[in-house]
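One structure below.
The values are calculated or read from the model by the stated rules, or taken from the named source; none is laboratory data. A quick note: this is a predicted structure, and the numbers were derived from the prediction, not measured. Heads up, the Cβs are rebuilt from the backbone with ideal geometry, glycines too, and the neighbour counts pull from every protein chain shown. These accessible areas exclude ligands, DNA and RNA; they are computed on the full protein's heavy atoms, side chains included. Shrake-Rupley method; radii C 1.70, N 1.55, O 1.52, S 1.80 Å.
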Amino acid sequence: MKRNQRNLRRLSAAGLLAVPIVMSGCGMLSGKQSEAIDPPPAQVEKQMLNTAGSTAAQGDIGMQTTVYLADARGMLAPVTLGIPKVEGASEVKESLEVLVSGGRYAGYVPQGFQAVLPAGTQVHNVTVDPESKLAVVEFNKSFTEYKAADERRILEALTWTLTGHEGIEQMQVWVDGVKLTEMPVNHTPLDRPLSRSMGINLQKADDALYTNSSPVTVYFSSVTPEGIQYYVPVTRLVPTGQDAVKAALNELIRGPQYGDGLVEVIPDDTTVAAVEKGEDGAVTVSLQDSMFEQGEQVPTELLQAVVLTVAENADDAKVKIRMNDLTEVVGTDSRNYSEPVSRPEFINEISI
């Protein structure tokens, strides 16, 4: 098996909110250095938007919920936590309570991650309209007391946490009974409901133009201070007119931005031979790579990143992976990825 495999084992723009993300340039570097990828400029923000109690005792776990928390470099990642089930409270509302800095679920947040809503924020109410799949969230005034640099991160964490729940595809924010038409600090427009089309950890591919680009979301890898691997979604703006799944896979192969602390999950000489949707609705991805041979197990990190990336860009379709001429693609988790695989219900289950 080649050295790259051993290394792996160690391991429409119309809907986008183009508020620049503040990214750290320090920390762990990826195994390869991609070309510079810049955040979108502030002048395209409105255009892209408009077209688009006390800590419970640890171990007292009653339900699992996936929330989006900031890691040590400020990038948002989905983290699945076990938290107490509060009688009479909705799971949706309780998931937002986890996002409050220093809130009653602070003891459940793993080391290396932090909640993004301002301390003192109270989630007054969450109402979901089943017809429009819109979640309306009402906070108290403390929600508005944040730094300008955190504004987009807050909106992303709220939107992606909420839309991870079944029956929710978009959300609106209210404060003390008043619907926000813009965010109070950096004035991000909120004249339309937000959805996952806004992206997350937004970056621009070096060959994309702001005026002619589309978003795709890919999943790279990172590691906690304790050495636990987890996945981080990154939305890239790519030249428009491409197949979304194939474009996303090509960005996955391109690899992380240099210096953002993410780790490549797939060798950079891999190519996407084909992307096909079958009659069963599953998306078959055919990859070409000289690194893997018949009988060898493929790193689970690679295969799961492909599944997450394809599902994110193909309406949660099941995924089948073909690689070279292998009769079966089996991961180091002993799972056969040549058969249809669904996106995991829970991702990044990190113990505290």
Quiz item: Can you find a residue in segment 103-121 that is of a type in the set (Ser, Thr, Tyr), at pLDDT below 95 and either closer than 18 Å to GLN172 by Cα or assigned to a loop (DSSP other than H, G, I, E, B) (or both)?
Solution: no
Quiz item: In segment 196-305, which strands (runs of 3 or more DSSP E) lie fully inside it and hold 2 or more residues that are among the aromatic types (Phe, Trp, Tyr)?
Solution: 213-223, 229-239
Exercise. Considering only residues that are aliphatic (A, V, I, L, M) and closer than 16 Å to LYS141 by Cβ, look in segment 176-205 and name the one that is least open to solvent (accessible area, probe 1.4 Å).
Key: MET183
Self-check item: Hits in segment 133-164 - residues which are under 12 Å from PRO184 (Cα atoms), in contact with a Ser or Thr (Cβ under 8 Å, 6 or more places away or on another chain) and polar (S, T, N, Q)
Solution: SER142
Quiz item: If you take the residues of segment 208-237 that are more than 17 Å from the chain's Cα centre (by Cα) and among the β-branched types (Val, Ile, Thr), which of them is most open to solvent (accessible area, probe 1.4 Å)?
Solution: THR211
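Yes/no per residue for (1) at pLDDT below 95; (2) in contact with a Ser or Thr (Cβ under 7 Å, 6 or more places away or on another chain); (3) open to solvent by 10 Å² or more (accessible area, probe 1.4 Å):
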position	(1), (2), (3)
VAL265	yes, yes, no
ASP268	yes, no, yes
GLY278	yes, yes, yes
VAL283	no, no, no
GLN297	yes, yes, yes
GLU312	no, yes, yes
Quiz item: Based on what the data block shows, is LEU202 farther than 23 Å from HIS165 by Cβ and under 16 Å from the mean Cα position of the chain (by Cα)?
Solution: no
Exercise. Kindly indicate the residue of segment 130-167 that is more than 13 Å from LEU99 (Cβ to Cβ) and among the acidic types (Asp, Glu) and also least open to solvent (accessible area, probe 1.4 Å) among those meeting that condition.
Key: GLU151
Self-check item: Selection from segment 334-352 of residues that are surrounded by 12 or more Cβ atoms within 10 Å (Cβ to Cβ) and charged (D, E, K, R)
Solution: ARG335, GLU339, ARG343, GLU349
Practice problem: Check segment 243-262 and report whether any residue there is at positive phi and open to solvent by 20 Å² or more (accessible area, probe 1.4 Å). | Solution: no
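Just the residues that are charged (D, E, K, R) and open to solvent by 20 Å² or more (accessible area, probe 1.4 Å), please, taken from segment 285-295.
Initially, segment 285-295 is screened for residues charged (D, E, K, R), giving 289, 293.
The one that is charged (D, E, K, R) and open to solvent by 20 Å² or more (accessible area, probe 1.4 Å): GLU293.
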